[in-house]
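Beneath this line is the structure, given in structure tokens, with notes to follow.
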Amino acid sequence: MVYKYSNSLKKFIKPAFWIILISSASVHIYTLNLYPLPWFDETYMASIAKEFYETGKFTKRVAYHAHQQKEEFIYGPFYFLVSSFVFKLFGFGMTQFRSIALLSGILVQISSFLILRKFVKQNVTLLLMSLVFMLDPFYFRCMHEGRMDLTASLLILSGIIVFHFAITKKYASYFLFSGTLCSLGILTTPRPGFLLIPLFIYLGYFLWKDFKKHWYFPIIWIAPIVLFYTLWIFYAFGSFENFISFYQDKLGYARLPGRPFYIPKQQFPLILSALILVTASILKCGKSYFNFLSIISLSSIILFYIIVYDQGPYASFIIPFYYLLIFYSGERLMEKKSNPQSEIHSQALL
């Protein structure tokens, strides 16, 4: 029997959600070009985006001699294509440039809502997650920074949503669409490529159950990723050898050289909450706890701390997975065969 929230909480959460939504949107719009102050990464990215809009080249006027190559190929072309389109429509400026991250962050929150909706039964759980996600101070700042991380995160989260449809519906076209979205994600920046590893492993498990019937699904999913990124490699680097050589000198974003952990202090409450709720939920539910959402979320977070050297903003890639785990685990903990004390538990979760 699924736990039901108290009527008082249901009456409270809906108006609270709309109040927070409108207030958050107002604050975002008012402070977008005020907070934070522009810093090196933003001006550097904006310079490349402006040059690409004006010349079609990935050059930069800010810190032009920071790297030896004439064009900046360490990221990918998609973010600068999007930026160029925004500049063409609205002109060049801080608000226009930061609006890409703001819109991407909003769509990431909506995508997280859509993912969670497939695995929880209570609408209040969805509203609670959306409300708390909107109030996250770390993510609020990320949505105001002219960086490509949230755009890449949006594309890969969208790819994960379509991937789940592909797994459940077994449609080849969904696998192709998911692979295309994921390829655009790593063509925005290769840093979130670690998020594709859990999908690949999950697809292998899916195939193991019925290989003869669905053997071509992995090929369809991987094909656009390999094709589009290979085209970028030959455009930017000329060959795979040059590509590998280039990134061997650019491992500062990875923990491969044994770099230390860094976790922003703002994330401590989030991490502690997830650790407690996930552990308690696993102990209570056992194997039934693990499904597409929990497996993808847990493995993505673990891989992030193993692979990515986080200097601050990169944790934005895994913040959605923390919220998915927290509120999925919270609802699983409240499941009871009989629920005479249900109201006490609902208030405790809030």
Need the failing condition index for ILE197 against (1) open to solvent by 40 Å² or more (accessible area, probe 1.4 Å); (2) out of contact with any helix residue (DSSP H, G or I) (no Cβ under 8 Å at 6 or more places or on another chain), just the number.
(2)
Selected residue (criterion: farthest from GLY330 (Cα to Cα)) from residues of the range 122-135 that are open to solvent by 40 Å² or more (accessible area, probe 1.4 Å) and touching a residue at least 40 places away in the same chain (Cβ under 8 Å):
LEU135
Quick check, is PHE113 in contact with a Ser or Thr (Cβ under 6 Å, 6 or more places away or on another chain), open to solvent by 40 Å² or more (accessible area, probe 1.4 Å) and in a helix (DSSP H, G or I)?
yes
Name the single residue that is least open to solvent (accessible area, probe 1.4 Å) among those in the range 322-347 being of a type in the set (A, V, I, L, M, F, W, C) and modelled with pLDDT under 90.
MET334
Being more than 26 Å from ILE233 (Cβ to Cβ) and aliphatic (A, V, I, L, M) narrows it down to one residue among MET94, MET45; which is it?
MET94
Return the only residue of PHE119, PHE138, PHE163 being assigned to a helix (DSSP H, G or I) and either surrounded by fewer than 24 Cβ atoms within 10 Å (Cβ to Cβ) or at positive phi (or both).
PHE138
What is the residue count in the range 81-99 for residues that are of a type outside the set (Phe, Trp, Tyr) and not in a helix (DSSP H, G or I)?
2
Evaluation of ILE100 against (1) at pLDDT 90 or above; (2) under 26 Å from PHE138 (Cβ atoms); (3) exposed (fewer than 13 other Cβ atoms within 10 Å of the Cβ); (4) of a type outside the set (D, E, K, R) (one fails), failing number
(3)
Listed residues LEU128, LEU107, LEU150, LEU116; which is over 16 Å from the mean Cα position of the chain (by Cα) and under 19 Å from LEU21 (Cβ atoms)?
LEU128
Per-region count, the range 146-160, residues in a loop (DSSP other than H, G, I, E, B) and either open to solvent by less than 10 Å² (accessible area, probe 1.4 Å) or touching a strand residue (DSSP E or B) at 6+ places or on another chain (Cβ under 6 Å) (or both)
2
Taking the range 11-21 as the region of interest, how many residues are surrounded by fewer than 15 Cβ atoms within 10 Å (Cβ to Cβ) and either in a loop (DSSP other than H, G, I, E, B) or under 23 Å from the mean Cα position of the chain (by Cα) (or both)?
1
Consider ILE319 carefully, then state whether it is surrounded by 19 or more Cβ atoms within 10 Å (Cβ to Cβ), closer than 26 Å to PHE206 by Cα and either modelled with pLDDT of 95 or more or not aromatic (Phe, Trp, Tyr) (or both).
no
Within the range 181-192, which residues are open to solvent by less than 40 Å² (accessible area, probe 1.4 Å), assigned to a helix (DSSP H, G or I) and closer than 19 Å to PHE234 by Cβ?
SER183, ILE186, LEU187, THR188
Please name all residue pairs, on different chains or six or more residues apart, with Cβ atoms under 7 Å, provided the first residue is in the range 269-290 and is without any contact (Cβ under 8 Å) to a residue 60 or more places away in the chain and the second residue is among the charged types (D, E, K, R).
SER281/ARG332; CYS285/ARG332; TYR289/ARG332
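The values are calculated or read from the model by the stated rules, or taken from the named source; none is laboratory data. For clarity, every value in this text was computed on a predicted model and none was experimentally measured. With ideal geometry, Cβ positions are generated from the backbone for all residues, glycine too; neighbour counts draw on all protein chains shown. The accessibility values were calculated without ligands, DNA or RNA, using every heavy atom of the protein model including side chains. Shrake-Rupley method; radii C 1.70, N 1.55, O 1.52, S 1.80 Å.
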